[in-house]
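Undergrad: Structure in structure tokens, see below.
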């Protein structure tokens, strides 16, 4: 049996980062091949290389597809060869109908005029194939995420797919929708469509996959056949790396509880009936760095943002106490008043006014602190900005520099300065080192340690488990909107964190089948 | 060498601000020359023309001040022309039909303007209906309301008190007569204030470690402004003195410049326009600020409406047509960004003056309104292209 796809020695370098290093992947015709790995291991990058998002020549190594070398210049090229990728974020146009979406860019047309009769007929056939009973004229926005996912697959089938790549297809789905999707995958397999699935959920993988390839730090670790699959081995392969001394020394000295969250429930702002956070409870002590681990979509950011002035979600219930007293965090201003600060994971979109200078960004959350009766004292404002520039070692010619011109690490320091100027008791840092180079990461870690030493409480959300293990005194593990475990620094290890998540997924699947 | 590099870098960084001023001066010079070349030479910069530029364009400057805030906040207000017409009609009705004195009519009309702004701002701010649509609706509604209120007829004329709002001049308390003593004193104070504030800002820049403007450039600019102010002041004084409208404009300009640059609320409006999500996550109540911008716009539209009504000495159903376009054009010529978050009051005033000087100059030259519209449209386009080009460079 010759392979349908063979990727040999694939490497991909971004400025300053090597994302892929010598990855090999062989996919046999008609199989479902699963790819596992931690966040940032390089799975998505690999699939972008395969589908032509990164054109031929921008990566190292070679790809043999269907017996011939594959050199895609763009996605159109790979689609012409029957390689279709369905991304985690669905790429449908909500206000267009199912039929219009299915043939978007691939219209059933002659000389630019669409043949709607034929398009509707083909739509009907495709919908039947994916087991969806909807009129071709239904607008996509009327469908749930699960059905939208099926539309994406139908769209792929419309393009005569031979190799279908699904990037975390069930991440946003509820249990029964996930089951339907997995059934459809098996059906497509029976029809001869080769598939690659990227997933964290081992129960799903073991259900549909014929073989598994584990990727870690941009390299292939192992490929195993169905009968070799065991959770222990996958976890070991996924995380098994030594932790270097990448974290500054610190002697933890936790005091009394600063913030306590109890029975926190949040519902999705748009999708009715979808609960995003389910009864979460956690606490932070004085001088403590607490981590929240979890995979993408586990609800960590949603938890943080809903706590911070209800900036996310609806119908929020639960209690927050600060320093033993009930705290009102129902608006951002009140949350700040109560001593809470939140450093967002997306500093450019949510954290900074990019076209304004450093000084204006630093004081933005506490303008009353540099004004009297509503009139700004610009001298004091500049002094404040200068103070933080020195304390944080923000590398810039001056505080009048626009933040858009700063590097990622320095931008992050500006955001941290902004929140420190509100003098918070508890800081929630959401992916504080994302997109920051290694040296700046160390600086951010040092700043975090200093803040803890000052007696502030720090909640650190991160997708990089080594970072959590290196920095935190305690780690909460989140999955599917729930806190599924709490580990002390001594107990915590990547294996244990993954085990908690996987165990929880297994229970969920069990419940799903029982129901 | 260092000095030269400093000058070049500074001009590059402040091209827009200085460029605006240079453009205004260039346009004034251009018209002066063109009018001297006429078969019957006319002096462009005579007192009457200078007075008229402010009398005839005061409403545009006032509207542009409010429009800047709306645009900085990331919105637009298309209704200001209709609102000005409507509030003008309200003021006329209160004055002529009800017979109220001007000191009651003026505040009452401002309140009506504020309420109209609130009614529109409510939908924009709290319901997040696009401002383009809300104010387009307002444009139609208040044009219709004006016609309904006036019943297809004009209301006027007005008693002296109300007319003085637009046609009056400050009294000469010194009793010199001609030249107008108080005007000279006010102008002298204004020049002194301008220099003092400039020097203070410069000292502060140095203290904050901001590379100061090269001193040659600083003095050159300030002396040109001082000379221009002195010239205008002398001309006005030798005519009828300082018009009331100009006093109102000067006070409002200073007030709004201070508000935008030195107050917490002003700063927050810029942050909101620059990145609404970040502003919101910094504890700023962005919806309330947007609401306030529209209320403010309504009040200023009412003021502009009254000034225009007083000038024409009658409220007419067609008043205020196209005011919104003049105001928006002034804001963009003045260097505000289309996406919100930037723009300066001084720039906007200069932008409005450029429009006003062009209107007057072209009218005296006898250029038809067809060509005038085309030329103004192209000036707007060129100014914005200049901005975008500078930004991309």
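A short reminder: the numbers here are calculations on the coordinates, not readings from a lab. Just so you know, these numbers come straight off a predicted model, no measurement behind them. Using ideal geometry, Cβ is built from the backbone for each residue, glycine included, and neighbour counts are taken over all protein chains shown.
Undergrad: For a quick check, take a GNM of chain B with Cα springs below 10 Å and name the residue from B:372, B:120, B:56 with the largest mean-square fluctuation.
TA: Judging by the Gaussian network model, the answer is B:372.
Undergrad: Using 7 Å Cα-to-Cβ label points, what is the residue A:18/residue B:391 separation (nm, one decimal)?
TA: 4.1
Undergrad: Per residue of B:333-342, what is the mean number of Cβ atoms on other protein chains within 10 angstrom of that residue's Cβ?
TA: Working: counts 0, 0, 0, 0, 1, 0, 1, 1, 4, 2.
Rounded to a whole number, the mean comes out at 1.
Undergrad: Hey, what D do you get for segment B:170-242 in µm²/s if you plug the Kirkwood alpha-carbon radius into Stokes-Einstein at 4 °C and 1.567 mPa s?
TA: Numbers: Rh = 13.6 Å.
In µm²/s, the coefficient rounds to 95.
Undergrad: Same structure, new question: Using Stokes-Einstein with the Kirkwood hydrodynamic radius over Cα pairs, what translational diffusion coefficient do you get for chain A at 25 °C and a viscosity of 0.890 mPa s, in µm²/s rounded to a whole number? Present the calculation step by step, with values, prior to reporting the outcome.
TA: On the way: Rh = 25.0 Å.
Diffusion coefficient, whole number: 98 µm²/s.
Undergrad: Based on the Cβ-Cβ distance of residue B:189 and residue B:103, what FRET efficiency does E = 1/(1 + (r/R0)^6) give at R0 = 22 Å, to the nearest 0.05?
TA: E between residue B:189 and residue B:103, to the nearest 0.05, is 0.25.
Undergrad: Cut-off 10 angstrom, C-alpha nodes, Gaussian network model of chain B. Which of B:299, B:349, B:42 fluctuates the most?
TA: Sorting by GNM fluctuation, first place goes to B:42.
Undergrad: Distance from a point 7 Å along Cα→Cβ of residue A:71 to each backbone N in segment A:45-60: keep the residues under 14 Å and list them by number.
TA: Correct set: A:55-60.
Undergrad: Per residue, what volume in Å³ does the convex hull of the Cα atoms of segment A:89-160 enclose?
TA: 84
Undergrad: Then there's this: In nanometres, what is the gap between the two model label sites at residue B:223 and residue B:52, each 7 Å from Cα along Cα-to-Cβ?
TA: If labels sit at residue B:223 and residue B:52, their model points lie 3.3 nm apart.
Undergrad: If neighbour count is taken as other Cβ atoms inside 10 Å, put A:78, A:462 in order from fewest to most.
TA: Ranked by crowding around the Cβ, least crowded first: A:78, A:462.
Undergrad: Right, something else. For a quick check, take a GNM of chain B with Cα springs below 10 Å and name the residue from B:63, B:365, B:312 with the largest mean-square fluctuation.
TA: Among B:63, B:365, B:312, the largest GNM mean-square fluctuation belongs to B:365.
Undergrad: Any idea how far apart residue A:233 and residue B:137 come out in nm if each label point goes 7 Å out from Cα toward Cβ?
TA: For the pair residue A:233/residue B:137, the computed spacing is 6.5 nm.
Undergrad: Now, a different point. So for segment A:341-480: antiparallel DSSP bridges make up what percent, rounded to the nearest 5?
TA: If I count the DSSP bridges inside segment A:341-480, around 25 percent turn out antiparallel.
Undergrad: Still on this structure: Which whole number gives the average count of other chain Cβ atoms within 10 Å of the Cβ atoms across peptide B:271-279?
TA: Across B:271-279, the average partner-chain Cβ count within 10 Å equals 6.
Undergrad: Moving to a separate point now. Give the value in nm², to one decimal: projected area of the alpha carbon convex hull of chain B, averaged over all directions. Before the final figure, lay out the partial values.
TA: Working: hull surface 86.9 nm².
Its Cα hull, projected and averaged over all orientations, spans 21.7 nm².
Undergrad: Here's a follow-up. Nearest 10 degrees, 0 to 90: what angle lies between the long axis of helix A:116-129 and the longest principal axis of chain A (Cα atoms)?
TA: It works out to around 80 degrees.
Undergrad: Provide A:465, B:362, B:373, B:338 in ascending order of the number of other Cβ atoms located within 10 Å of each residue's Cβ, fewest first.
TA: B:373, B:338, B:362, A:465
Undergrad: Let me have the 222 nm mean residue ellipticity of chain A computed from DSSP H runs of 4+ only, each contributing -39500 (n - 2.57), with the sum over all residues rounded to the nearest 500.
TA: On the way: 16 runs with 171 residues, N = 515.
Rounded to the nearest 500, it is -10000 deg cm²/dmol.
Undergrad: Between segment B:259-318 and segment A:379-436, how far is it from one alpha carbon centroid to the other, in angstrom?
TA: Here the two parts' Cα centres lie 31 Å apart.
Undergrad: Taking the mean number of other Cβ atoms within 10 Å as a proxy for protection, how do you rank B:318-328, A:179-189, A:221-231 from highest to lowest? Don't jump to the answer; show the numbers that get you there.
TA: On the way: B:318-328: 21.0, A:179-189: 17.9, A:221-231: 14.0.
The most tightly packed comes first, giving B:318-328, A:179-189, A:221-231.
Undergrad: Still on this structure, please answer the following. Which FRET efficiency value, to the nearest 0.05, is calculated for residue A:331 and residue A:488 with the Förster distance at 45 angstrom and r the Cβ-Cβ distance?
TA: 0.85
Undergrad: Tell me, what is a quarter of the convex hull surface for the C-alpha atoms of the protein assembly as shown, in nm² with one decimal? Intermediate values should be presented prior to the final figure.
TA: On the way: hull surface 187.0 nm².
That works out to 46.7 nm².
Undergrad: In deg cm²/dmol and to the nearest 500, what is the mean residue ellipticity at 222 nm of chain B if only DSSP H runs of at least 4 residues count, each as -39500 (n - 2.57), divided by the residue total?
TA: After summing the helix terms and dividing by residue count, I get -25500 deg cm²/dmol.
Undergrad: Let me know the mean shielding of A:362-372 by other chains, meaning the per-residue number of their Cβ atoms within 10 Å of its Cβ.
TA: Averaged over the peptide's residues, the number is 4.
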